Amino acid sequence: MLIKNLFERDIFRPINGVVKADQLDDSSVWQELDEFVITRELDQHFRKFISWYLEAVEQGKNPDPTGKMGIWISGYFGSGKSHFLKVLSYLLRNRTHTNKAESKQAVEFFESKVKDHMLFADIKKAVVANTDVILFNIDSKADHRTGRDLILRVFLKVLNELQGYSGDHPHIAHMERHLEEKGKLKAFQDAYRKHSGEDWVTVRDAYEFNQDEVVKALGETLGQSEAATIRWIEGAEANFPLTVENFCKWVKEYLDSKGPQHRIVFLIDEVGQFIGNDSHLMLNLQTITEELGTICRRRAWVVVTSQEDMDAVLGDMSKAKKQDFSKIQGRFFPPLSLSSANVDEVIQSRLLAKLADVKDELEGVFKKRGDILKSQLTFKNCTMTFRQFKDGEDFVKNY
């Protein structure tokens, strides 16, 4: 028998060494769901997350406006926090994924992974809720500008992209939002196509080069003079009202348009590294989570990953500043801290899982050669030591 024929999965398959938030091609998503291992540690984190999320879902039409809606996932590089975050995003979306001729909903991947039937029932209950999920690496979404509202600009960008508005130009997205509220966005797009011959969504990021066509289309759609339209366009960027309160109001309006049970979850990878020691950015994140919680009443959630837990990020700041950040801790549940303690479980399940018909044969090998292996793994007068195989089952798992 050849070693390559012992395993459930092809040992020559490509495996991503690093899970990336924006890598969403079909084969990567399928592999991340199929090969995700719920270790003893992750089992506890899943239970906490699902219970917290279900509590808010089951509050229905009267969620607690003072309740928590933020989750901080911490862990050093290689602990699996980005993989955990992505899997949460797949679960909450619960889309159907296809690989070759096979199709599965995200939650179906977990039927064999979750041994506790009650927990699996709770997971299925949680993913039934109408939820929009926005997963992103904050550093890749941020622009080159600096300032204390940098995180707010990223939040607004991903919200605008979700709604189909311009992501790179928030003042243009604001115009599109205004037109849609009046029921005239489609009429504007048609008018723009008539005057320019081009699709608005395709060329809107280059609006400055097509101002004449924009002026004509906007004036025609809203029935206002050319002079008034030009004044608005020239002052749109400078006069754009970028505030946390306005952002949260737009999130609530979007949720209300989708129905009273609709939710939105912002999943942000590597926020701790992005913030660093910049207290302004931490304050910006605090204000956003605080206002989202108050205005959206637990229908908007913020889930972040960081190499440090929240206390460590705050601990880098002065004592006076630490007291200023009590509100953010009030909005976040106790942090979910990932370690590499159960890496052996991941290796055994993801890489070394054996086919059922070879397990008995391997156990037979251990019965014959177990004593020999034990002596070969024992060294004297040497700093190197190897852990002994406990029994035949342990040998099969690790071979």
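The values are calculated or read from the model by the stated rules, or taken from the named source; none is laboratory data. Source: prediction; values computed, not measured. Cβ coordinates were reconstructed from backbone atoms using ideal geometry, including for glycine residues, and neighbour counts include every protein chain displayed. To get the accessible areas, we keep the full protein, side chains included, count just its heavy atoms, and leave off ligands, DNA and RNA. Shrake-Rupley method; radii C 1.70, N 1.55, O 1.52, S 1.80 Å.
Listed here are the residues, each with its yes/no results for (1) modelled with pLDDT under 95; (2) touching a strand residue (DSSP E or B) at 6+ places or on another chain (Cβ under 7 Å); (3) closer than 25 Å to I134 by Cβ; (4) hydroxyl-bearing (S, T, Y).
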residue	(1), (2), (3), (4)
V158	no, yes, yes, no
Y165	no, no, yes, yes
D168	yes, no, yes, no
E181	yes, no, yes, no
T221	yes, no, no, yes
Q224	yes, no, no, no
W232	yes, no, no, no
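Within the stretch 291-318, residues that are closer than 19 Å to S82 by Cα and among the acidic types (D, E) reach partners that are modelled with pLDDT of 75 or more and in a helix (DSSP H, G or I) with beta carbons closer than 9 Å, at six or more positions or on different chains, in the pairs E308/G272; E308/Q273; D309/G272. When A21 is tested against the conditions (1) in contact with a Ser or Thr (Cβ under 8 Å, 6 or more places away or on another chain); (2) surrounded by fewer than 19 Cβ atoms within 10 Å (Cβ to Cβ), the lone failure is (2). Whenever a residue of the stretch 253-275 is free of Cβ contacts under 8 Å to residues at least 24 places away in the same chain, its partners that are open to solvent by 10 Å² or more (accessible area, probe 1.4 Å) and not hydroxyl-bearing (S, T, Y), lying with C-beta atoms within less than 9 angstrom and at least six residues away or across chains, give the pairs E253/R177; E253/E181; D256/H262.
For the stretch 113-161, residues that are open to solvent by 60 Å² or more (accessible area, probe 1.4 Å), among the aliphatic types (A, V, I, L, M) and within 20 Å of R299 (Cα to Cα) total 1. Taken together, G330, G370, G364 contain a single residue that is without any contact (Cβ under 8 Å) to a residue 12 or more places away in the chain, part of a helix (DSSP H, G or I) and out of contact with any Lys or Arg (no Cβ under 7 Å at 6 or more places or on another chain), which is G364. Kindly indicate the residue of the stretch 47-79 that is over 16 Å from G293 (Cα atoms) and open to solvent by 50 Å² or more (accessible area, probe 1.4 Å) and also modelled with the lowest pLDDT among those meeting that condition. Among them, the one singled out is G78.
Annotation note: of K321, K359, K368, K327, the sole residue that is open to solvent by 60 Å² or more (accessible area, probe 1.4 Å), in contact with a helix residue (DSSP H, G or I) (Cβ under 8 Å, 6 or more places away or on another chain) and at pLDDT 80 or above is K359. Working only within the stretch 258-312, note down all residues that are under 17 Å from M69 (Cβ atoms), surrounded by fewer than 20 Cβ atoms within 10 Å (Cβ to Cβ) and touching a Leu at 6+ places or on another chain (Cβ under 9 Å). Once the filter is applied, which keeps residues that are under 17 Å from M69 (Cβ atoms), surrounded by fewer than 20 Cβ atoms within 10 Å (Cβ to Cβ) and touching a Leu at 6+ places or on another chain (Cβ under 9 Å), the stretch 258-312 yields only H262.
Pick from the stretch 213-231 the residues that are open to solvent by 70 Å² or more (accessible area, probe 1.4 Å) and in contact (Cβ under 8 Å) with a residue 12 or more places away in the chain: which of them is nearest to K186 (Cα to Cα)? Applying the filter and picking the extreme gives E220. Scanning the stretch 62-76 for residues that are closer than 25 Å to V346 by Cβ, among the hydrophobic types (A, V, I, L, M, F, W, C) and out of contact with any strand residue (DSSP E or B) (no Cβ under 8 Å at 6 or more places or on another chain) turns up nothing. Need a quick list: helices (runs of 4 or more DSSP H) entirely within the stretch 197-309 having at least 1 residues that are within 27 Å of the chain's Cα centre (by Cα). Ranges flagged: 200-203, 244-258, 271-275, 279-296.
Of the residues making up the stretch 1-18, none is modelled with pLDDT under 85, within 27 Å of D122 (Cβ to Cβ) and open to solvent by 60 Å² or more (accessible area, probe 1.4 Å).
Using beta carbons and a limit of 6 Å, which pairs, at least six apart or on different chains, have the first residue in the stretch 21-48 and farther than 18 Å from A101 by Cβ and the second one among the hydroxyl-bearing types (S, T, Y) and open to solvent by 10 Å² or more (accessible area, probe 1.4 Å)? What qualifies is V37/S349. In the set (1) touching a residue at least 12 places away in the same chain (Cβ under 8 Å); (2) surrounded by 14 or more Cβ atoms within 10 Å (Cβ to Cβ); (3) of a type in the set (S, T, N, Q), Q105 fails one condition alone, (1).
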